[in-house]
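Right, one structure below, let's go through it.
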Amino acid sequence: MLNSLKHPNLSSQKEVTMNMGQKLLHYGDTHHNKFLEILRMLLGVILVLKGYYYISNNDELNKLLLDNKFHLYNYVVIHYVAFAHLIGGICIILGLLTRIAVAVQIPVLLGAIIFVHAKAGLLTPDSEILLSVLVLGMLVFFFFYGSGPWSMDNYLEKHKSEWDTGSSEL
């Protein structure tokens, strides 16, 4: 009796979710706006500047982490955050492995919002929570949108046939 109540075109909720994700990725690959390309590059610049800031002001990031309860892996986190922002930001600017670079950034921004900025609050004069939330939103957007036509990913995809000979002659 329960089988007769199911929608005839939907075999399972998992397929619906998977199809929605595939549709979002396909839409991101086929619809590109030049303004969004510039926004992607600006996002990369922001991340590179933050990474440079954390490397040049290592004590600042260390102080933020020491204020929290995570004392064991502070130096690992400091280096991960700084280099994820630097390398990921450069990849996002160039449009090279954009979705991977964005996926590496998302946990960093979530951690910053939850563990660092939320404690300070929204209305403090030196709060960066709004910038972090904005950057996180842009990262999630570009995870689905992809790199776009002004990117190394697009260039490499278009010129793949030039160096893809199909044989390995060494």
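The values are calculated or read from the model by the stated rules, or taken from the named source; none is laboratory data. Model, not experiment: these values are computed from the prediction. Positions of Cβ are generated from backbone atoms using ideal geometry, with glycine treated the same way; all protein chains shown enter the neighbour counts. When the accessible area is computed, the model is the full protein with side chains, heavy atoms only, and any ligands, DNA or RNA have been set aside. Shrake-Rupley method; radii C 1.70, N 1.55, O 1.52, S 1.80 Å.
Test of understanding: what is the full-extension gain from residue 113 to residue 33, defined as 0.36 nm times their sequence separation minus their Cα-Cα distance? Walk me through the numbers on the way to the answer.
Numbers: separation 80, 0.36 × 80 = 28.80 nm, distance 2.89 nm.
Working it through step by step, the gained length comes to 25.9 nm.
Give the calculated FRET efficiency between residue 155 and residue 103 to the nearest 0.05, with a Förster radius of 25 Å applied to their Cβ-Cβ distance. If you can, show how the numbers build up before the last one.
Details: r = 21 Å, r/R0 = 0.85.
Given R0 = 25 Å and the Cβ-Cβ separation, E is 0.75.
Using a 1.4 Å probe on the protein heavy atoms only, what accessible surface does residue 155 show? Give it in Å² to the nearest 10.
Looks like 110 Å² after rounding.
So how much accessible area does residue 157 have, in Å² to the nearest 10, using a 1.4 Å probe?
120
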